[in-house]
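Structure first, then comments.
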Amino acid sequence: MKFQVYERYSVGENNFFVRFVLRMFQERLCITRKLEVEFVARGRIWVLRFYMGQNGMWQVGYGLSEPSSPVHPKAELAIWARGKPPDSSCATQKPLIINMKRPWDSLIPEELFFSYGIIGPCKNITAVSCQLDDWPMDDNNDYVNCDGTLRVGLTMVIQ
């Protein structure tokens, strides 16, 4: 697994972008039923997760790790379609864009959930997640390359 964090350092901008290259994506999910990547951005420890939800469907989510301070997250996840075959006239499919914005809630580390009181008029949450259905494990889906690699981009704006 590889990732690269890109942060903007200018007045009034509090955002970042992370590019992930998740090798052996399907094999990892098949064996462990989850894949987690921790990274540091904007002075906080973040985690991106792909996992099997309680409803038996695949989920993707993000959260904070201890000792990160609370944020009001506005995130968008892009799962890029695999490249078109060489010598192909087929157009490359557009990425799957998942809106994972929760600016009205306070995202806090799960380990500290019971330590925090109410932060303003918002409710405290420990993760933001979205259902992916079954496509992550389908043999010929539009997103996982033939070598098992999934390419993902996370754009985050912090309030």
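What follows is calculated from the coordinates using simple rules that are stated; it is not laboratory data. Keep in mind the model is a prediction, meaning the values are calculated, not measured. Using ideal geometry, Cβ is built from the backbone for each residue, glycine included, and neighbour counts are taken over all protein chains shown.
Of note:
- Modelled label reach - Gln131, point 7 Å along Cα→Cβ, segment 38-53 residues with backbone N closer than 13 Å: 53
- Estimated inter-spin distance, Glu111 and Asn140, nm [label 7 Å along Cα→Cβ]: 4.6 nm
- Take the Cα of Trp104, step 7 Å toward its Cβ, do the same at Met1, and the gap between the two points is 3.2 nm.
- Among Gln26, Gly56, Pro70 the positive-end extreme of the charge dipole of segment 13-83 (Cβ point charges): Gln26
- A viscosity of 1.002 mPa s and a temperature of 20 °C, combined with the Kirkwood radius over Cα pairs in Stokes-Einstein, give a translational diffusion coefficient for segment 1-50 of 174 µm²/s.
- Label-point separation, Ile45 to Arg23 (7 Å along Cα→Cβ), nm: 2.5 nm
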